[in-house]
Structures are given as structure tokens and as C-alpha cells.
Amino acid sequence: MHESVLKERLNELNKDLMKFNAQIATHTTPENPGRIRAIKKTIAKINTILKQKSKEVIKKAWVEFVQPVDYQKNFVFVKQ
């Protein structure tokens, strides 16, 4: 999935979670209490995916910036 789609879905889930939390705060029983747990898990999964994608981008940028000189982990910084 694209990052924009994930962020859009994350916003929708956060809105749903806010609605459920408002129902709980007003002492109203939610229609489906199990849905709250599912929403929280889905939010956590989406956040994990977004974090992994951002780490991949950072790692890719770092590899392009630093080039190894030899196998003893000596690095030379590339000037731009």
C-alpha cells in the first residue's frame, strides 16, 4: 500500500476510536466493544508499517551518502 493510503486509513481509524472513547466517557455502551481493540491493533500495525518504510528510506539515503573503503568498517564521506 502507498504511504498516503495508509495515512488516510490511519486518520479514519483515529476518528472512529475518538467516537468510541466519547461513548465510553459519556457512560454509553458502544455497539461493538470488541471493535475498539481491533481498531487499536490496526492503528499499531499501520504505525509499524509507516515506521519501517521511513527507516528504509533513511537507510537507503545513508548508504548512498557513505561508501565503505574496506571491510574493516572504515568509511569515507562523499562530498556533495
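The values are calculated or read from the model by the stated rules, or taken from the named source; none is laboratory data. Keep in mind it's a predicted model, so treat the numbers as computed, not measured. Don't worry about glycine lacking a Cβ; one is built from the backbone with ideal geometry, like all the others, and counts go over all protein chains shown.
Points worth noting:
- Residue in the range 13-21 that is surrounded by 10 or more Cβ atoms within 10 Å (Cβ to Cβ), polar (S, T, N, Q) and modelled with pLDDT under 85 present: no
- Test: residue in the range 26-45 that is outside any loop (DSSP other than H, G, I, E, B), within 12 Å of the chain's Cα centre (by Cα), surrounded by 11 or more Cβ atoms within 10 Å (Cβ to Cβ) and touching a residue at least 40 places away in the same chain (Cβ under 8 Å): no
- Residue list for the range 1-25, restricted to those being of a type in the set (Asp, Glu) and in contact (Cβ under 8 Å) with a residue 24 or more places away in the chain: 3
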